[in-house]
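Engineer: This is the structure I want to talk about, given as structure tokens.
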Amino acid sequence: MPADEKLADTVYRCEVTVDAPIDLAFEVFTDGFDSWWPRDHHIGAVDMAEAIIEPRRGGKWYERGVDGSTCEWGSVLAWDPPRHLAVAWHLNGEFQYDPDPQRASRVDIRFSEDGPGRTTVRLEHSELDRHGPSWPQLYEGVGSANGWPLTLECFKARLHRT
Amino acid sequence: MSPTASAPTQAKPTRTKATRTKPTPTDVALRALVEPRRRAILQLVAGRELPAGEIAAHFDVTRPAISQHLGVLKDAGLVTERRDGTRRWYRARPEGLAELRAFLEQFWPAALQSFKERAEARARAAT
């Protein structure tokens, strides 16, 4: 498909600068993933006990619930400490795991030095259109305050700021 | 006097203006999606663009029938059509994209802020 056909809004970007050296930043992000990942950012039916990124290309990205159950979120596509991590996001429009890699979006996290002891972390979540049209939103968007699928009760309750 | 068991009478529903309004884009899209073959076509072109001929090859129906389905999907705003010479290419228009982006706009900044706090705490502890 020609490059000009690619929809600009299929990529989401954000970044943050931290007062930490690059090696530590990468380590905290990955090895220390569970120490910072927001506890309400999960899809499992039970509370999350641990959020895990397996530290290798092909590794799994998932949560473990307080009852021992696991919910996969995706897989590790690139592992290049301390500068680059990429994961496949396998959660569809209803926030359920879809194993098909063709229907997964991609999250690239890049770390770069911003002076001594300072690191800029740039996140790019791309190929969002691979999740396909979210039909439930056509059915459930009408009348819903923010248009999100009704199955997303967990996220909705937390993120709908009053 | 014993009460007589009788079914409650329903008030006759009045015909409101709402029953005769123009269909909304959602109505049009829903009607387009009622047909299973159109849903299957949409699945095929989600995230990738395909020419009409290749879409038709996936189904056991005539090419004009597929073209008709594609026309309905296009009118409903569910696919985009691009002409390249004699070929027409179709791609699902990502309806839920705006919602997904809105979600990510809250999701990722919150996550990265939490990461920042943790990384900086670790950095301070290391000095």
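The values are calculated or read from the model by the stated rules, or taken from the named source; none is laboratory data. Fair warning: this is a prediction, and the values are worked out from it, not measured in the lab. Please note: Cβ atoms are built from the backbone with ideal geometry, for glycine as well, and neighbour counts cover all protein chains shown. For the accessible areas, the whole protein counts, side chains as well, though only heavy atoms, and no ligand, DNA or RNA atoms are used. Shrake-Rupley method; radii C 1.70, N 1.55, O 1.52, S 1.80 Å.
Engineer: If I filter segment B:32-51 down to residues being aliphatic (A, V, I, L, M) and under 27 Å from residue A:11 (Cα atoms), which single residue comes out as surrounded by the most Cβ atoms within 10 Å (Cβ to Cβ)?
Structural biologist: Step one: filter segment B:32-51 for residues aliphatic (A, V, I, L, M), giving B:32-34, B:40-42, B:44-46, B:50.
If we keep only those that are under 27 Å from residue A:11 (Cα atoms) too, we end up with B:33, B:40-42, B:44-46, B:50.
Details: B:33: 19, B:40: 13, B:41: 25, B:42: 23, B:44: 16, B:45: 23, B:46: 20, B:50: 18.
Ranking the qualifying residues of segment B:32-51, first place goes to B:41.
Engineer: Continuing with this model, one more query. How many of the residues in segment A:109-119 are open to solvent by less than 10 Å² (accessible area, probe 1.4 Å) and within 21 Å of residue A:77 (Cα to Cα)? If you could, list the steps in order and put the result at the bottom.
Structural biologist: Just the residues of segment A:109-119 that are open to solvent by less than 10 Å² (accessible area, probe 1.4 Å), to begin with: A:109, A:111, A:119.
Among the residues that remain, those that are also within 21 Å of residue A:77 (Cα to Cα) are: A:109, A:111.
So the answer is 2.
Engineer: Separate question: If a residue has to be open to solvent by less than 70 Å² (accessible area, probe 1.4 Å) and within 14 Å of chain A (Cβ to nearest Cβ) to count, how many in segment B:57-96 make the cut?
Structural biologist: So the answer is 15.
Engineer: Follow-up. So if I check each of B:115, B:107, B:103, which one is modelled with pLDDT of 90 or more, of a type in the set (A, V, I, L, M, F, W, C) and open to solvent by less than 70 Å² (accessible area, probe 1.4 Å)?
Structural biologist: Details: B:107 fails: modelled with pLDDT of 90 or more; B:103 fails: modelled with pLDDT of 90 or more.
Of B:115, B:107, B:103, the one residue that is modelled with pLDDT of 90 or more, of a type in the set (A, V, I, L, M, F, W, C) and open to solvent by less than 70 Å² (accessible area, probe 1.4 Å) is B:115.
Engineer: Can you tell me which residue is nearest to the other protein chains (Cβ to nearest Cβ) among those in segment A:92-107 that are touching an Asp or Glu at 6+ places or on another chain (Cβ under 7 Å) and open to solvent by 10 Å² or more (accessible area, probe 1.4 Å)?
Structural biologist: Result: A:92.
Engineer: Does segment B:43-56 hold any residues that are within 13 Å of chain A (Cβ to nearest Cβ) and touching a Lys or Arg at 6+ places or on another chain (Cβ under 6 Å), and which are they?
Structural biologist: B:45, B:47, B:49, B:51
Engineer: If residue B:40 satisfies every condition in (1) part of a helix (DSSP H, G or I); (2) facing chain A (nearest Cβ under 8 Å) but one, which is the exception?
Structural biologist: In the conditions (1) part of a helix (DSSP H, G or I); (2) facing chain A (nearest Cβ under 8 Å), residue B:40 misses (2) alone.
Engineer: Return yes or no: is residue A:34 within 16 Å of residue A:124 (Cα to Cα) and among the acidic types (Asp, Glu)? Full working, then the answer.
Structural biologist: Details: within 16 Å of residue A:124 (Cα to Cα): no; among the acidic types (Asp, Glu): yes.
For residue A:34, the condition - within 16 Å of residue A:124 (Cα to Cα) and among the acidic types (Asp, Glu) - is not met.
Rundown of residues vs (1) open to solvent by 40 Å² or more (accessible area, probe 1.4 Å); (2) farther than 17 Å from residue A:108 by Cα; (3) at pLDDT below 95; (4) more than 11 Å from chain B (Cβ to nearest Cβ), yes/no style:
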site: A:1; (1), (2), (3), (4): yes, yes, yes, no
site: A:10; (1), (2), (3), (4): no, no, yes, no
site: A:18; (1), (2), (3), (4): no, yes, no, no
site: A:24; (1), (2), (3), (4): no, yes, no, no
site: A:30; (1), (2), (3), (4): no, no, no, no
site: A:40; (1), (2), (3), (4): no, yes, yes, no
site: A:43; (1), (2), (3), (4): yes, yes, yes, yes
site: A:55; (1), (2), (3), (4): yes, no, no, yes
site: A:69; (1), (2), (3), (4): yes, yes, yes, yes
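Engineer: If only one of B:52, B:32 is small (Gly, Ala, Ser) and without any contact (Cβ under 8 Å) to a residue 40 or more places away in the chain, which one is it?
Structural biologist: On the way: B:32 fails: without any contact (Cβ under 8 Å) to a residue 40 or more places away in the chain.
Just one listed residue meets the conditions, B:52.
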